[in-house]
Amino acid sequence: MQAELCTERIGVSQTTDIEASQTGIWRSVRPYFEKESLAALALGLSSGFPFAMIGATLTTRLAQNDVQKSTITAFTLAFLVYNLKVFWAWVVDGVRLPLLGRMGQRVSWMLVVGLFVIAATVNLALVDPATDLAGTVVAALLVGVAGATFDIVIDAYRIETLKPYQLGTGSGMSQYGWRLGSAGAGALALVVAERYGWSSAYIACAIFAVPAMATALLLGEPPRRQVVIERKGVSEVWEAIVVPFREFFGRTGALLVLAFILVHKIGDTLANLTFRLLFNDLGFSNDEIAIYDVGVGFWAYLIGIFIGGVAYARLGLKRSVLIALVLMAISNLSFALLAQAGHSNLGMSGAIGFENMASGYGGVVVVAYFSALCDLRFTATQYALISAAASIVGRFLTGTTAGALIEAFGYVNFYLLTTIAALPGIVLFWWMMRRGLVDAAMGTAGEVGDPQVSSDKK
């Protein structure tokens, strides 16, 4: 009888363990299916495509028109528009649009800016770089302005829609969407351009602006959005510009946090914006680039995002960010090896695979950290400041020196240099962790009810 009771208890215990395991698995997976996370995915789709239009896609288009390397890398200065968005982000926070404003501040701006992005993309499609390089520069800058403004609205909408405990999951879903949007638009552009020309390719890609606009219409205004004041006069407008910066820089360690944001991605940005030049010089065709760069890179990025989400949940914000910084530095070495090896599909797959896995991992944990730095009263302005600062140094160096450095030292030494450039960010963040400055500078978006941030602070 006692043996039967023991057997019964064991059976009950095993059943309980299985149920607990299933509950734990579902608890980990469930946030990915919540409407806020799915909204972040759709927003990411639209956020990623303008970047692809003036990034790798435009680089390939210019290279195929026999434009000089130094001129091609100078086009990356169009990305600097993204870094200047902080100067007009306050408009998205504080200016109410006529008529459409009744739909809500975020919704109305999402619709208007979405149409602006579509128009700018079509405009770039109609310019021929071979005959009008100056016109191409202007068109690329317009896409940059439109894409940067779209990002302001999208980032604010995402952060204010997500609940604090969803910041990690939402950041991951946003990165999934960003990759789908950028890779999808990049692949679509290459395939369509190969068959119908670049103008048709760019026009086809404009459809990627629709998901964010549809999401805003379906979900409406974010429930966490906090309105500070009704801005009418000149003094109120000035306050709208100054107060978000005053609040951020008034935090303990804010200047060091900003310094980290400025330097953490120098090496990664410097390397990423030159990959297509390397592929072109190594003789890869459009189809090979689409398969190995876009295709393999896409799946590696998704794997990296999954690993990043798990790491964020298990290791906490600080340790997962530090690991991301190390991985992104190491990934640049793989392109030095590819440059040394020459035209190799296996080498390209390996380099792109590791780089995208590291970027996917870093995208989740770093974006979650940057989102948590925001005060919900000034989401658009503060996240614009953070995201703009995150890549401005790398983009400036790419646009002004990358082409000349490649021509002077070769690709192998160039990518070794980008690896060294990533080291200051790693050391600074490690020091900030040790001094408690990562926690001290946290904003309200990540403080209340966020398990990961709370556990980090213990």
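Taking square-rooted eigenvalues a ≥ b ≥ c of the alpha carbon gyration tensor, is the stretch 127-198 rounded, prolate or oblate, where a/c under 1.5 means rounded and, failing that, a/b exceeding b/c means prolate?
Verdict is oblate for the stretch 127-198.
Report the accessible area of VAL367, computed with a 1.4 Å probe over the heavy atoms of all protein chains in place, in Å² rounded to the nearest 10.
So the heavy atoms of VAL367 present about 20 Å² to solvent.
Relative to the present Cα-Cα distance, how much length would full extension add between LEU416 and ILE303 at 0.36 nm per residue of separation?
Stretched out fully, the LEU416 to ILE303 stretch lengthens by 38.1 nm.
Could you sort LEU180, LEU273 by their accessible area in this structure, using a 1.4 Å probe and putting the largest first?
Final ranking, largest accessible area leading: LEU180, LEU273.
Along each of the three principal axes of the Cα atoms of the stretch 246-354, give the extent in whole Å, ordering the values from largest to smallest.
So the three principal-axis extents are 52, 28, 21 Å.
Can you check what the Kirkwood hydrodynamic radius comes to for the stretch 157-197, Cα pairs only, in Å to one decimal?
Final number for the Kirkwood radius of the stretch 157-197 is 11.9 Å.
Suppose R0 equals 25 Å. What FRET efficiency, 1/(1 + (r/R0)^6) with r the Cβ-Cβ distance, do LEU337 and SER285 give to the nearest 0.05?
So, using R0 = 25 Å, E works out to roughly 0.75.
Using only the alpha carbons, work out the radius of gyration and Dmax of the stretch 249-298 in angstrom.
Answer for the stretch 249-298, Rg first and Dmax second: 17.6, 52 Å.
Counting only C-alpha contacts under 8 Å and six or more residues apart, can you give the relative contact order of the stretch 97-186 as a whole percent?
Relative contact order, the stretch 97-186: 25 percent.
With every protein chain present, what accessible area does TRP431 have (1.4 Å probe, heavy atoms only), rounded to the nearest 10 Å²?
110 Å²
Within 15 Å, Cβ to Cβ, of PHE335, how many net charges do the neighbouring residues add up to if Lys/Arg are +1 and Asp/Glu are -1?
Summing Lys/Arg as +1 and Asp/Glu as -1 gives -3.
In Å, what Rg and Dmax follow from the Cα atoms of the stretch 345-385?
15.5, 49
Kirkwood hydrodynamic radius (Cα pairs, Å) of the stretch 301-393?
14.4 Å
The values are calculated or read from the model by the stated rules, or taken from the named source; none is laboratory data. These figures come from a predicted structure and were not determined experimentally. Neighbour counts run over all protein chains shown; Cβ positions are idealised from the backbone, glycine included. Areas reflect the complete protein model, heavy atoms only, side chains present, ligands, DNA and RNA absent. Shrake-Rupley method; radii C 1.70, N 1.55, O 1.52, S 1.80 Å.
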